[in-house]
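Peer 1: My questions all concern the structure below.
The values are calculated or read from the model by the stated rules, or taken from the named source; none is laboratory data. Treat the numbers as computed from the prediction; the structure is a model and nothing was measured. With ideal geometry, Cβ positions are generated from the backbone for all residues, glycine too; neighbour counts draw on all protein chains shown.
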Amino acid sequence: MARFGFRTGSYGPFGWRRVGRSVDFVVALGFLLLLAIAGAVLQYRLGGGRDLAGAAEAIDGDSLRLLGEELRLEGIDAPEYRQTCRDRNGGEVACGRQARRALAAMLALGNVSCTVSRPDRYGRGLARCRQGDAEINAALVSQGHAVSYGAYQAEEAEAKAAGRGIWATSFERPEAWRRSHPR
């Protein structure tokens, strides 16, 4: 090493000792392979959408189990299973249980088909599901058993104007209810 901290010999621009070009090539190739694998994993996780079909069961008002996989209905938010609402007389309404029963009734009509787009933050697949010609996500919002959560604003406005489901009660939006009732 020379005076004032300068090195002598064959060092690269970052102070690394230079090695043969074949080693540099192998390291670069390894790095590119690592990037390719990371891209493939990311593509798999985000997916381009996959389809599932079969008999399903309701977990709560906005999630179901289909072919052993837990799915969250995309674009909607239903009252939590333990959530209650208040009717016009101040009486308690089990709106979370009603939302689950509404989804269960739709699923009981026969096989459903779902397009799963990507996982949510809990690892559940976000899905848009159909029962025959009806889209389940839209129907739940339209019937007043769920609120819009990034989609289905027109269905929510229609249910609210008609006073259907939870719109016939006073309720806390499910997202706010979850914040005030941590598990």
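Peer 1: From the list Ala139, Ala99, pick out the single residue that is of a type in the set (Gly, Ala, Ser), in contact (Cβ under 8 Å) with a residue 12 or more places away in the chain and touching a Pro at 6+ places or on another chain (Cβ under 9 Å).
Peer 2: After applying the criteria, what remains is Ala99.
Peer 1: Hey, another quick one. Taking into account only those residues within segment 136-176 that are more than 13 Å from Asp62 (Cα to Cα) and within 19 Å of the chain's Cα centre (by Cα), which is modelled with the lowest pLDDT?
Peer 2: Gly150
Peer 1: Quick one: Arg179 ticks every box in (1) assigned to a helix (DSSP H, G or I); (2) over 19 Å from the mean Cα position of the chain (by Cα) except a single one, so which number is it?
Peer 2: Looking at each condition in turn, Arg179 falls short on (2).
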